[in-house]
Amino acid sequence: VQLQASGGGLVQAGDSLRLSCAASGRTFSSYAMGWFRQAPGKEREFVAAIRRSGGNTYYADSVKGRFTISRDNAKNMVYLQMDSLKPEDTAVYYCAAVGGGVLPTRPQDMDYWGKGTLVTVSS
């Protein structure tokens, strides 16, 4: 599956932003999806994940209550709604997919990656 993230940009602290990830292929619904981010000089880290059906979601503690992951299997899309953004949320955000029932919370477990989209939050 091929993935393409979009929706990044420059915003101020407290603003909202919605990232989108478009997936190609007919088997999108067979993949759990995750959002990860990588800030300059730091390792890639887990942000949010959603199961294949969309029934279960998981979040990093740092974004819990502010970010919401969702998916539309009919449109082959996954989204990340980011509210109350903070300067420490500044990073390149990546969407990724994993099959086989794996919970997509670790970068090393993911099967496919999209190119990232840059989110910059100014104070």
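Scanning segment 107-123 for residues that are of a type in the set (A, V, I, L, M) and either at pLDDT below 95 or surrounded by fewer than 16 Cβ atoms within 10 Å (Cβ to Cβ) (or both) returns M110, L118. If only residues of segment 79-106 that are farther than 17 Å from T120 by Cβ and touching a Ser or Thr at 6+ places or on another chain (Cβ under 7 Å) are counted, the one that is surrounded by the most Cβ atoms within 10 Å (Cβ to Cβ) is Y79.
So which of G55, G14, G65, G7 is modelled with pLDDT under 95 and surrounded by fewer than 17 Cβ atoms within 10 Å (Cβ to Cβ)? None of the other options fit; the residue is G55.
Filtered by the rule that a residue be loosely packed, with under 15 Cβ neighbours inside 10 Å and either modelled with pLDDT of 95 or more or farther than 13 Å from V119 by Cα (or both), segment 30-44 gives S30, A39, G41, K42, E43. Could you please let me know if I50 is out of contact with any Leu (no Cβ under 9 Å at 6 or more places or on another chain) and of a type in the set (V, I, T)? Yes, satisfied.
The values are calculated or read from the model by the stated rules, or taken from the named source; none is laboratory data. Every value quoted in this text rests on a predicted model; they were computed, and no experiment measured them. When we count neighbours, we look across all protein chains shown, and the Cβ atoms used for this are built from the backbone with ideal geometry, even at glycine.
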